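Colleague: Mind looking over this structure? Questions follow.
The values are calculated or read from the model by the stated rules, or taken from the named source; none is laboratory data. What you see is a predicted model; the values in this text were computed from it and never measured. Reconstructed Cβ throughout: ideal geometry from the backbone, glycine too, with neighbour counts over all protein chains shown.
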Amino acid sequence: MHCSEAQELITGLVDDELTAIEKAAVEEHLAECHDCTAQFEREMALKRDIRLAARAIAVPQDLREQIAKRGAKLESDTWATRVISSVREWLATARLRPIYGFAVVALVVAAWLFQSRPREDIPTRILAIHESLVSGKTALVRVNDAAQLRQELTRAVESRFEPVALDLSKFKLHPVAGFAEKIANRDVLVTVYEGDGSTITCFTFLGGEADAPQDSERFFDPDKRINFYGFSRAGVNGVMHREGNVICILVSKISPAELLAVARGKPHHA
Amino acid sequence: MDHLDHLYRVAFYLTKNEEDARDCVQETYARALGSYRQFTLGTNLKAWLTRILYNFFFDAYTRNKHTLAVDLLETAEHKKNFWDTLPSANPGPEKLILQQELAAKIGDAISKIPDEFRAPIVLVDMGDFSYQEAADILSCPIGTIRSRLSRGRRLLEKLLSEYLVQDPKER
């Protein structure tokens, strides 16, 4: 091995990030090369000094307090936490102990009523989610590996279903982020596609054609022999179709005709 | 909160000044709180938060959407003194003071190397991320991490050569 080949391997050796073969090769070289051995020792020492230097940086106390307050506020705003802290307050008050039984019954009834409440409209909610993503109100955590994203999304719903596999590369769109969301008590997988100035969000969930919005327009694809349902709300367009027991809804601000073409997998010619 | 110190350090060395580091950390937590549903329980929270921070830093600072706090970098005198005024959690005995001086020199050297080499050093050497984790955060191949680390450390060695003792075993 030449010294020039050993340089990057030395870095990997310092960080213990070499394969067994690479490690054996570079260690064999170091056994014979004083210069590279010295380089290895210098790089180890530099890494140690950098780590020590990092420890000299401390979070300013006022920033720590600000972040802590913001996190505490979020926790206190959740519904479940409000209920739990109310129960804790009751439990802590000796005079109210006889009322615990009534409080528990009240909670059970409230939970039953909450579960029985009319379900939110899925199409309206997903259009709002898309708008929130595009406007930046909801930040995207971008990923580099589409296959890994798909795996993580599938895992998020315990492999009960997978996000619909869409190849939008011919439309110059690629998956850039994704997450799982609960809508109307149903698990929905969200995949965001971006490219060429456009954003299309794909929502996948278990369902049937009855999930199509009542005001949607149906289009029957004679090639695929499936129905596509197109709908719009406040300038945002959606197209739904079913693949087995999985529903896929594509949402975007591109024209309904273009979105339908994307859903059908066929380039649109205006 | 567990990773606040780590995030602040990463932000500090990426942005090279306290004001922008604070902005980065605050924005990171704001985005994390707004996107917590995207985090899968059981996976690496520290890496997830760092990715959010780095994405914000990249979008806001390397694409010139914000300017760095120029007043902190402009004058030669301020530049000379800035890294000497690092906040320290444990001021104390002589050894710690020397450590702070070394930290200042290293911080100054790190601030001088290009972003593409600085980011892997900040993540791997300071953040203790593996090459794979750093590659995921920076959205680049693992091989790129290793080569940039290698070149970045060589650059730092040159910049610190006047300060560091020749024989690393003596440090």
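Colleague: Any chance you could count how many residues in region B:5-52 are under 16 Å from the mean Cα position of the chain (by Cα), at the interface with chain A (Cβ under 7 Å from one of its Cβ atoms) and charged (D, E, K, R)?
Modeller: The total comes to 4.
Colleague: Please specify each residue of region A:166-192 satisfying the condition of being among the hydrophobic types (A, V, I, L, M, F, W, C), within 23 Å of A:VAL262 (Cβ to Cβ) and more than 16 Å from the chain's Cα centre (by Cα).
Modeller: A:LEU166, A:LEU168, A:PHE171, A:LEU173
Colleague: Here's a follow-up. Identify all residues within region A:151-199 that are touching a strand residue (DSSP E or B) at 6+ places or on another chain (Cβ under 8 Å) and among the basic types (Lys, Arg); write none if there are none.
Modeller: A:ARG160, A:LYS172, A:LYS182, A:ARG186 - these are the residues of region A:151-199 that are touching a strand residue (DSSP E or B) at 6+ places or on another chain (Cβ under 8 Å) and among the basic types (Lys, Arg).
Colleague: Now for a separate question. Restricting to region B:85-135, what's the tally of residues that are more than 7 Å from chain A (Cβ to nearest Cβ), assigned to a helix (DSSP H, G or I), in contact with a helix residue (DSSP H, G or I) (Cβ under 9 Å, 6 or more places away or on another chain) and modelled with pLDDT under 70?
Modeller: 1
Colleague: Can I ask one more? Kindly establish whether A:ALA234 is at positive phi and surrounded by fewer than 17 Cβ atoms within 10 Å (Cβ to Cβ).
Modeller: So A:ALA234 passes the test.
Colleague: Continuing with this model, one more query. Condition first: at the interface with chain B (Cβ under 7 Å from one of its Cβ atoms) and under 35 Å from the mean Cα position of the chain (by Cα). Now tell me which residues in region A:43-63 satisfy that.
Modeller: Those that are at the interface with chain B (Cβ under 7 Å from one of its Cβ atoms) and under 35 Å from the mean Cα position of the chain (by Cα): A:LYS47, A:ILE50, A:ARG51, A:LEU52, A:ALA53, A:ALA54, A:ALA56, A:ILE57, A:ALA58, A:VAL59, A:PRO60, A:LEU63.
Colleague: Where in region A:111-223 are there strands (runs of 3 or more DSSP E), lying fully within it, with 3 or more residues that are in contact with a helix residue (DSSP H, G or I) (Cβ under 6 Å, 6 or more places away or on another chain) and within 14 Å of another protein chain (Cβ to nearest Cβ)? Walk me through it before giving the result.
Modeller: On the way: elements: A:174-183, A:186-195, A:198-206, A:217-221.
Here the list reads A:174-183.
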